[in-house]
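A.B. asks: Okay, here's the structure, questions in a sec.
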Amino acid sequence: MQVQRLNELGTATKIDIPYLILRRDFFAMMFDPLMKIYGSAGASMIYAMGKDSGESEVRQFVEDNKEYAPRITKRELLDRVFQRFNQMGWGGIVVEEFDGINKKVRIIVNQNPFIDKFKSELNGGIFFLRGLLVGITSEVLEEELSLSDPRCLESSKGFCELNIVSKDQDFE
């Protein structure tokens, strides 16, 4: 799969990176046993898997772009990592609000790959996606962050709004 990498001018060029491509329903079904057997504990495990994956993805992105990544802002880094995920089919992930000082980020996921198919926020794919986005944002902002009032709404296009903040803080 081709994704973007920064070049010496800080603009994006395409590079080939090996990825495993799975249908979204198959990916989400992998989490069904955890949800059925362990309930909310299973959801927590899935969220943690997503969070770890998000943190690793940022570290890999920085490593892949080590010559140029130090010159971009945290906001640009977040946008570029989300752009990579958008290219891989994770929906249209957009940073709607970014406050790097107070560690508050509002993310919108248009065409959420899990909500329109499964018609419920209580599926493993949603928990993985939430963890993934929190992990990415935490790694970029270099602070342990959490969700504040996540909303994933059923619609024909699928939509998620995630407010990611410092622990014990609300998104205002």
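The values are calculated or read from the model by the stated rules, or taken from the named source; none is laboratory data. Remember, it's a predicted structure, so these values are computed and weren't measured experimentally. Reconstructed Cβ throughout: ideal geometry from the backbone, glycine too, with neighbour counts over all protein chains shown.
A.B. asks: Please find, within segment 45-102, the residue that is surrounded by the most Cβ atoms within 10 Å (Cβ to Cβ) out of those that are assigned to a helix (DSSP H, G or I), of a type in the set (Asp, Glu) and in contact (Cβ under 8 Å) with a residue 24 or more places away in the chain.
C.D. replies: GLU55
A.B. asks: Suppose we filter segment 24-78 for residues that are of a type in the set (Val, Ile, Thr) and closer than 12 Å to PHE127 by Cα; how many remain?
C.D. replies: Residues meeting the conditions: 1.
A.B. asks: Oh, and also: Got a sec? Which of ASN86, ASN65, ASN110, ASN102 is polar (S, T, N, Q), touching a Ser or Thr at 6+ places or on another chain (Cβ under 9 Å) and more than 22 Å from SER44 (Cα to Cα)?
C.D. replies: The conditions single out ASN102.
One line per residue, one yes/no per condition, for (1) more than 18 Å from GLY50 (Cα to Cα); (2) modelled with pLDDT of 95 or more; (3) among the β-branched types (Val, Ile, Thr):
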site: ARG80; (1), (2), (3): yes, no, no
site: ASN102; (1), (2), (3): yes, no, no
site: PRO113; (1), (2), (3): no, no, no
site: ILE126; (1), (2), (3): no, no, yes
site: VAL140; (1), (2), (3): no, yes, yes
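A.B. asks: Let me ask something additional. Find the residue count for segment 22-44, including only residues that are among the acidic types (Asp, Glu) and not in a helix (DSSP H, G or I).
C.D. replies: 0
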